There are 2 protein chains.
Amino acid sequence: MKSITVSVPGKIILMGEHSVVYGKPALLAAIDKRLQVTITPTNDNKIVLIDKKLNLSEETSINQMVVSTQKARKNLKQFEQDNQIKYLDFSRSTELTYVKIAIIETFAFYRKQLKNGFTLTIDSDLETGSGLGSSAALAVATTGALTATLGLPLDKTVISSIAHTIEKHMHGNPSGADTAITCFGGLLWYRKEISILKTITPINFAIPKKLAQNFILIHTGKPAESTGEMVHKVKLFSQKKPALFTKFLKDQEEVSRQLLTALHDGDEVTVKKLINQGEINLEKIGVVSLTAQTLIAQIQKAGGAAKICGGGGAKKGSGIVLAYHKDKTKITEICQKHKLATFTTTLGSEGLRIERANPITKH
Amino acid sequence: MKSITVSVPGKIILMGEHSVVYGKPALLAAIDKRLQVTITPTNDNKIVLIDKKLNLSEETSINQMVVSTQKARKNLKQFEQDNQIKYLDFSRSTELTYVKIAIIETFAFYRKQLKNGFTLTIDSDLETGSGLGSSAALAVATTGALTATLGLPLDKTVISSIAHTIEKHMHGNPSGADTAITCFGGLLWYRKEISILKTITPINFAIPKKLAQNFILIHTGKPAESTGEMVHKVKLFSQKKPALFTKFLKDQEEVSRQLLTALHDGDEVTVKKLINQGEINLEKIGVVSLTAQTLIAQIQKAGGAAKICGGGGAKKGSGIVLAYHKDKTKITEICQKHKLATFTTTLGSEGLRIERANPITKH
C-alpha cells in the first residue's frame with residue numbers, strides 16, 4: 001500500500017473574458033498556485049475526507065457517498081431541464097459533498113473502486129470563488145489521485161473528461177476549459193462555437209521563461225457583482241451599443257490571436273502592448289471599476305502592463321488583475337501603497353502531476 | 001503471421017471552404033468511399049508495394065526506403081525555409097515513393113519495425129486530386145495497418161499525428177484536418193486561428209441517419225484552376241471588395257455554426273436552407289462556374305439543396321458538388337441529362353478501422 005499525492009495548478013484567463021461568451025476565443029494559462037490531493041489507503045473500510053486549509057474532516061463510507069451521488073445526479077438532470085442553479089444547492093453545499101461526488105463519479109467511470117478504506121486529504125493554495133479554477137482543480141486532482149491509486153494510467157484526456165463530468169455538479173454547464181487547463185497545464189485555447197460545440201485546444205509550446213516569470217497577480221478585492229451579473233451587464237451593453245460591441249468582439253479576437261503569437265515568439269514589447277490593449281477594450285464595455293482602472297494606469301505609467309482577468313467588477317473590486325513588468329518590484333511597490341495583496345506566478349505551469357508515491361512507513 | 005487489412009474513409013468539406021483560409025471555421029465530413037491497405041508479412045526480407053487501382057508494383061527494401069525518406073526529409077526542411085513547392089517534387093513524384101516515406105516515418109515514430117519482409121497492398125475508391133483527401137487517407141491507412149501489424153494499440157490520436165507528419169511530404173504545410181477526419185471519421189470542426197494554432201475538433205455526435213443517407217456527390221469536372229489559384233482569386237476579391245468580403249466571412253461562419261446545430265437536431269428544412277445559403281455566398285465571391293451554378297439551380301428547383309465543396313472553379317468545372325434531396329433519384333436524373341457522374345454517400349462514415357485480420361492460409 002502506498003500513499004499517493006498529486007497536484008494540479010490553478011488557472012487565469014489571459015485574454016478573452018466576456019468576448020468568449022459570444023463565440024470569440026479565450027486564452028487560459030495555468031499558474032503556480034496549486035492544489036494537492038493525497039490518498040492513503042487503509043486496512044479497514046473507513047473513508048476519511050480531510051481539507052487541511054478549511055480545517056474540515058469527515059468520516060464516510062462508499063454507501064453514503066453513492067447515496068449522495070445518486071441525489072446529485074438526479075438534481076443535475078433537473079438542472080439540465082430547467083436551467084435553475086438552485087437544483088445544484090446540494091452538490092454545492094459543502095466542499096466535502098463535492099469531493100464525495102467526485103470520488104463516486106471516478107469509480108463509476110472506471111467501473112472499479114478501491115477495495116479498502118482510505119484517507120483523502122486536500123491541501124490548496126487556491127482561494128475558492130476567485131476565478132482561479134479551484135473547483136475544476138479539485139475535481140482533476142481527486143480523479144487523478146484515485147486513478148493513480150487504482151493503478152490505472154494517468155491519461156490526461158480521460159481524467160479531464162471525468163473531471164468535466166464532476167464539475168457539472170458544481171457549475172451545471174461548465175465549459176470544460178477549467179478542467180482541461182488545470183489537467184494539462186501550460187496554455188489553452190478555448191472557443192465556444194455554439195452551445196453544442198466548445199473547442200478546447202491545449203497549446204503545444206511554453207511561454208519563454210524570460211517572459212513567463214515576469215507576471216504578477218493582484219487581488220483588487222472581491223467584486224460586488226457575481227460573474228453572472230457582469231455577464232448580464234455586458235449583454236445589456238451589447239443591446240444598447242451593438243456597433244461598439246461588434247467592434248469589441250472583433251478587437252478581442254485579434255488581441256487574443258496576436259497575444260498567442262507574441263508569447264510564442266517571446267516578443268515582450270508586443271505582449272505588453274496587447275495586455276494593455278485588452279484592458280482598454282474591457283474598460284470600454286464597462287467591466288472595470290474605477291479603483292482597478294487607477295491601479296492599472298499606475299502600473300502602465302511605471303513601464304508595466306496590466307489588465308483585469310476574469311469577469312471583472314464595476315462597482316468596487318474587479319477581482320484579480322494580471323500585471324507584467326520586467327522588474328516586478330515596481331508593481332509590488334504600487335500595490336503596497338494601495339494595500340493590495342499580490343502573488344508572483346510563472347505563467348503556464350505544469351498540469352496534473354504525481355508529487356509523491358511513498359510506501360507507508362509502519363511505526 | 002497474419003494478414004491485416006485496414007480501411008479509412010475519404011472526406012469532403014461540408015461548409016467553410018475559402019473562409020477557412022481567413023480564420024473562420026470549416027466543417028468536414030467523412031464519406032462512404034474508402035481506401036484500404038493490406039499488409040501481409042512474409043518469411044523473407046522482400047518488401048513489395050502494390051497499388052491495385054493504378055496497377056503499380058515495386059519491390060524494395062528497408063534500406064532503400066530509408067534512403068528515400070532521408071532525401072524527403074532534407075527536401076521538406078528546404079521547403080520549410082523557402083516555401084517553394086518544387087522541393088517536394090521527389091516525395092510527390094509517385095504514389096509508391098510517398099508510401100515508402102509513410103512506412104519509414106511510422107517505423108521511426110514507434111522506434112520499431114517489422115522483422116521480416118511484407119507485401120503492402122493499396123486499394124482505393126478515392127480519386128487523387130479531387131479534394132476527397134486521398135493523400136491523407138493513404139497516410140492514415142498505411143500507418144494504421146503498420147501499427148496493427150506491429151501489434152501496437154490503434155490509438156487514433158497517435159496515428160493521426162504520425163499521418164500528419166507524413167502528409168507534410170506531400171503538401172508541405174497541411175492543416176492536419178484531412179488526416180484527422182480520415183482517421184476519426186464522422187464530422188470534424190477545423191479552424192486556423194493563427195499560423196501556429198490550427199484547432200481540430202472531432203464532433204462527438206453522428207448526423208441522424210434519416211438525413212445522413214440523402215447526400216449525393218456530383219463530379220462537375222476537374223476545375224481549370226488549381227486550388228492555389230482559386231485561393232489567390234479570392235484574395236484579390238477580398239482586396240477589391242473588402243466590405244463585401246468581410247460580410248462573406250461573417251456569413252459563412254454563421255452558416256457553418258448553424259449547419260452543425262441543424263445536423264445535430266436532424267432539422268432537414270434548415271440543413272437544406274443552409275447548404276443553399278452557403279452556395280449563394282460562394283457564388284458571390286466568384287468561385288463557382290456558370291455550368292455548376294446552372295446545375296445547382298436545377299437541383300434547388302427540384303426541391304433539393306446543393307453547393308460546391310472544395311475550392312471550386314470559375315472557368316470550367318467546379319470540382320465536386322454536394323447535393324441533398326430526400327429523393328435522390330431527382331438529382332441523378334438531372335445529372336444524367338448533364339452527363340455527370342454521381343455517387344451517393346452517407347455522410348459521417350466511420351474512420352480508421354480494421355477490416356480483416358486473417359491468419360494466412362498455407363497452401
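Read the figures in this text as sums done on the coordinates, not as results from a lab. Remember, it's a predicted structure, so these values are computed and weren't measured experimentally. A quick note on method: Cβ atoms are made from the backbone with ideal geometry, for glycine too, and the neighbour counts reach across all protein chains shown.
Strictly greater than 15 Å: what percent of every Cα pair in region A:5-45 meets that?
Pairs farther apart than 15 Å: 60 percent.
Identify the residues of region A:130-152 with backbone N under 12 Å of a label point that sits 7 angstrom from the Cα of A:SER61 along the Cα-to-Cβ direction, or state none.
It comes to no residues whatsoever.
Shortest first, in nm, what separates the label point of A:LYS326 from those of the same position in the other copies (7 Å along Cα→Cβ)?
Result for A:LYS326, in nm, nearest copy first: 6.9.
How big is the charge dipole of the protein assembly as shown about its Cα centre, in debye rounded to the nearest 20, if each Lys and Arg gets +1 on its Cβ and each Asp and Glu gets -1 on its Cβ?
For this selection, approximately 560 debye.
Over all residues in A:193-203, what is the mean tally of Cβ atoms on other chains that come within 10 Å of each residue's Cβ?
6
Looking for one value pair here: nearest-to-axis residue in chain B (by Cβ) for the rotation onto A, and the distance in whole angstrom.
That would be B:THR199, 3.
Before anything else, pin down the relative contact order of region B:209-345: Cα pairs under 8 Å, at least 6 apart, normalised by residue count, whole percent.
That works out to 41 percent.
Dipole magnitude of chain A about its Cα centre, charges +1 at Lys/Arg Cβ and -1 at Asp/Glu Cβ only, in debye to the nearest 20?
300 debye
Compute the FRET efficiency between B:ASN204 and A:LYS315 as 1/(1 + (r/R0)^6), taking r as their Cβ-Cβ distance and R0 = 35 Å, and round to the nearest 0.05.
Here the calculated transfer efficiency is 0.30.
Along the Cα-to-Cβ line of A:GLU350, 7 Å from the Cα, sits a label point; which residues in region A:12-44 have backbone N less than 20 Å from it?
The answer is A:12, A:29-39, whose backbone nitrogens lie closer than 20 Å to the label point.
List the distances, in nm and shortest first, from the label point of B:GLY129 to the matching label points in every other copy, placing each point 7 Å from Cα along the Cα-to-Cβ direction.
6.6
Which whole-number percent gives the relative contact order of region A:2-206, counting Cα pairs below 8 Å spaced six or more residues apart?
RCO, region A:2-206: 30 percent.
When B:GLU333, A:GLU167 are ordered from fewest to most other Cβ atoms inside 10 Å of their Cβ, what list results?
B:GLU333, A:GLU167
List the relative contact order of chain B as a percent without decimals, with contacts defined as Cα pairs under 8 Å and 6+ residues apart.
26 percent
I need B:HIS264, B:HIS232 ordered by Cβ neighbour count within 10 Å, fewest first.
B:HIS232, B:HIS264
Would you calculate a helix-derived [θ] at 222 nm for chain B, using -39,500 (n - 2.57) for each DSSP H run of n ≥ 4 and dividing by the full residue count, to the nearest 500?
Using -39500 (n - 2.57) per qualifying helix, the result is -14500 deg cm²/dmol.
Name the lysines eligible as straight-distance cross-link partners of B:LYS115: C-alpha to C-alpha under 22 Å, and not fewer than 8 places from it in the same chain.
Within the straight-line cut-off, B:LYS115 pairs with B:LYS2, B:LYS46, B:LYS100, B:LYS362.
In nm, to one decimal, how far is the A:GLU333 label point from the B:LYS46 one, both placed 7 Å along Cα→Cβ?
About 8.1 nm separates the two model spin labels.
In which sequence would A:THR60, A:THR143 go, from the one with the fewest C-beta neighbours within 10 Å to the one with the most?
Ordered by Cβ neighbours within 10 Å, fewest first: A:THR60, A:THR143.
For A:THR157 and A:GLN70, what is the calculated FRET efficiency with R₀ set at 30 Å and r taken between the beta-carbons, to the nearest 0.05?
0.65
Using a 10 angstrom Cβ neighbour count of at most 10 plus a DSSP loop assignment to flag exposed trypsin sites (Lys or Arg not before Pro), which longest range of chain A is free of such sites?
By the stated rule (loop sites, at most 10 other Cβ atoms within 10 Å), A:116-338.
Can you work out the FRET efficiency for the pair A:VAL21 and A:LYS77, with r the C-beta to C-beta distance and R0 = 25 Å, to the nearest 0.05?
Plugging the Cβ-Cβ distance into 1/(1 + (r/R0)^6) gives 0.50.
Which of B:LYS198/B:LYS250; A:LYS24/B:LYS192; B:LYS222/B:LYS247; B:LYS284/B:LYS316; A:LYS247/A:LYS272 have a Cα-Cα distance over 23 Å?
Pairs exceeding 23 Å: B:LYS222/B:LYS247.
GNM on chain A, C-alpha springs below 10 Å: top fluctuator among A:ALA341, A:ALA30, A:ALA136?
Among A:ALA341, A:ALA30, A:ALA136, the largest GNM mean-square fluctuation belongs to A:ALA341.
State the answer as a single residue: which of A:GLY23, B:SER7, A:ASN63 lies farthest towards the positive end of the charge dipole of the protein assembly as shown, with beta carbon charges of +1 for Lys and Arg and -1 for Asp and Glu, about the Cα centre.
A:GLY23
Got a sec to turn the phi values of region B:103-119 into Karplus ³J(HN,Hα) couplings, 6.51 cos²θ - 1.76 cosθ + 1.60 with θ = phi - 60°, whole Hz, x for Gly and Pro?
Values per residue, Gly and Pro as x: 5, 5, 4, 5, 4, 5, 4, 7, 6, 7, 9, 6, 6, 9, x, 6, 10 Hz.
Between A:LEU290 and A:HIS232, 0.36 nm times their residue separation minus their Cα-Cα distance comes to what?
Extending this stretch completely gives an extra 18.9 nm.
What are the label-to-label distances in nm, one decimal and shortest first, from A:ASN55 to the same spot in the other copies, with labels 7 Å along Cα to Cβ?
Values, ascending and in nm: 8.7.
Lys and Arg at +1, Asp and Glu at -1: add these up for the other residues within a Cβ distance under 13 Å of B:THR270 and post the number.
Net charge around B:THR270: -1.
Using only Cα atoms, locate the centre of region B:109-184 and the centre of region B:53-108, then give the distance between them in Å, rounded to an integer.
Centre-to-centre distance over Cα atoms comes out at 13 Å.
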